[in-house]
Every structure is written in structure tokens, then in C-alpha cells.
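Right, one structure below, let's go through it.
All of the numbers you see were taken from the coordinates with simple rules; none came from a lab. Remember, it's a predicted structure, so these values are computed and weren't measured experimentally. Cβ: placed from backbone, ideal geometry, glycine included. Neighbour counts: every protein chain shown.
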Amino acid sequence: MKKIGLDAGHGLYTSGKQTPDGIKEWTLNDAVCDKIEEILRDYDCIVIRTDNNEGKVDESLSRRVNAYVTAGVDAFVSVHHNAYTGKFSDVTGVEVYTDRTPTAKDERLAECIYKRLVKYTGLKGRGIKRANFAVINQNKVPAVLCEGGFMDGSFDYKIITSNEGQKNYARAVAEGLIEFLSLKKKTESGEKTEVIYQVWENVKNKWLPNVEGKNDYAGNFKNAVCCVRANLTKGNIYYKVHVMRRGGKAARWLPEVKNREDYAGNYGQPIDAVAFRTDTGKTLCYMAHERKSGRWLPVVTGYNEADAKNGYAGNFGNEIDAVKVYFK
């Protein structure tokens, strides 16, 4: 199964990145990314977002790059909207960027998206260009940055702030990725739903590789887990973690996360319980491995903070160093 890195550029509070009337660029970028994910949900791929789910944090460029390279994605797209002077004018058009020394795959990915971006948005094509943008400036993974119109373009503004315009931008990127990666549509018959998940461990301070299936687990025994992120091959998964008291931060359940729109946890704050649920109608099973006792705790199928037996996996006060999630 192919993996795709997808990035809504900037954050809600990034200085200067907005339309003349105050619509934040991240809001536009995120809307397009959400629509790209909707299209790709029907294809044999996993989408990994590298931006912050709510836009409250402008993730560093190095962290974004590290996230998609470490995840081993097959292609990466950073979604943006352009600006000229910050005041409305007749500036217009779409662009796709590779880095300054693109690989043949970089160029092909750019071409697959660019031809559709011009066609579907109806905006002027300003070409495929090269630039030293840090988020795509590596040659391990085919990567491009898209500019889907000008936020301060009087004509472009009407398109990029409309639902239809955002759908067309998303369609161009999604179909470009489908062509580039030769993605196939999922079939309804005989398709097995799997959980793909990974954890951030507290010793090496990095995301460990994705795993799936009943016979594998995410984690390194004796190294505490701080964060979890997951998605399904079909359908939605919801999950949350209970963090331990650490460095003045209180022990508590953190907010629920959906798919890979974000991750559950705080870097540097070990977790002692996890809870998972899905909307598939299938029985989801999950387990936690205690670091101190060195044992797997019983399988859990429920989702309830108040149910210590079958509502979550873990024992408060005991660090988790591995988790296992699978369908019965």
C-alpha cells in the first residue's frame, strides 16, 4: 500500500499569511487537504498529514520533512496559496514547485499535478518552477509544493475561498497523485480493513515505523511511549491517551484524535493508558504492554474512561512501552 505525505502549509498564527480581508492561508490550505484526503480515501493508500490538525502550531519545516521521510512515504505534496503585495490586484495564476535540483520523479509528480491544476481551477498557468523551499528540499522522496492561486488576486480570491474552487484544487492534487503512484481503487468485495499505527518512543525521541495486523505491535520494550497515531485502510479510527504526571504537567486524558489528522500524546510525557474505537461496525481489539512489569495487559474492546476493565488499556501510574491494535 502506498503512503502519501500531505501538508497544509503554515499555521493559523503565521504572520502575514492571509487574504487582504483576514482569511488565514492555513485555513484555505487545510480545507483543500481535507478534500484531497476525502478523494484518496477510496484508493489503496495511506495519507499522513505533517501539519498541525488545528493549525494552532506552525510545525517547523524540519519536523515536517522528518515526519514524512521517517514515515517512508512514496510522495509528498505541500499545499499553499500565493500572495503578491497583500492588497487586492489583478495578479493571478497557479504554480507547482520542485526543489532546485529535482529528481526525475520530482519533475514527473509536478507535471501530473500541474496540468490538472490549470485545467480544473481555470486559473492561469504560471508554470512548473524550482525553488529552495526547505519542506521539499531533499531527494529521498518525490516532493512538490503547490500554489493554488493568489490570496490577494481579485479574480483568484473568489475561486480559492469557494467550496467548488477548493474541490477543484483538491481534485487536481489527488488525481495527480493517483496517476503518479498508479493508485487503484479499493474494492468493496473481499477487502480486509486493517489498522495502521505507530508510536513515538521516549528514548530515541522519534516515530517508530508503522505496523499493522494482529501479529505485530508498535513500540520498543523498556522505552516508554509518548504519542500514538493511527488510521484505517477503510473507515475512521478515533483514539486518545492518558498521560502521566511529568515536569509539572498533570496526569490526564488528552482530547480524542481522528485518523492521522493529529496525534494523541505529548512529546516527552509518557502515557499509561490508551483507548481506541472505530465507525466500521467491526470489533476492534487493543492491548498495552507495561514497561515496569514487562507484560501485556488483557485485550480491550471498549471505549470508556470510566471503565478500567474494558474501557481502556493500561494501568494509571505504569508507563506503556508498546501497543497492539487489530480487528478481531
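Once the Cα atoms are used to define both axes, helix 163-181 deviates from the longest principal axis of the chain by about 70 degrees. Cross-linked pairs Lys3/Lys206; Lys56/Lys129; Lys3/Lys324: Cα-Cα separations exceed 25 Å for Lys56/Lys129.
Fully extending the segment from Asp307 to Ser60 would add 85.1 nm, taking 0.36 nm per residue of separation and subtracting the current Cα-Cα distance. Rounded to the nearest 500, the helix-only mean residue ellipticity at 222 nm of the chain stands at -7000 deg cm²/dmol, with each DSSP H run of n ≥ 4 adding -39,500 (n - 2.57). Computed from phi, the 3J(HN,Hα) profile of the range 308-314 under the Karplus parametrisation 6.51, -1.76, 1.60 (θ = phi - 60°) reads 6, 8, 9, x, 7, 10, x Hz, with x in place of Gly and Pro. For the range 195-327, the gyration tensor built on C-alpha atoms gives a rounded shape. Its axis ratio a/c (a ≥ b ≥ c) stays under 1.5. For Ala322, neighbours were defined as the other residues whose beta-carbon sits under 12 Å from its Cβ, and their charges (Lys and Arg +1, Asp and Glu -1) total -1.
For the range 2-181, the calculated P(r) over all alpha carbon pairs, in 10 Å bins from 0 to the bin holding the longest distance, is 11, 42, 39, 8, 0 percent. Between helix 104-121 and the chain there is an angle of about 70 degrees, using the helix long axis and the longest principal axis of the Cα atoms. What you get for the range 176-328, charging only the Cβ of Lys and Arg (+1) and of Asp and Glu (-1), is a dipole of about 220 debye around the Cα centre.
Packing-based ranking of 209-217, 302-310, 68-76 yields 68-76, 209-217, 302-310, ordered from highest to lowest mean Cβ neighbour count within 10 Å. Structure note, pairs Lys249/Lys309; Lys234/Lys328; Lys222/Lys292: Cα-Cα distances above 19 angstrom occur for Lys249/Lys309.
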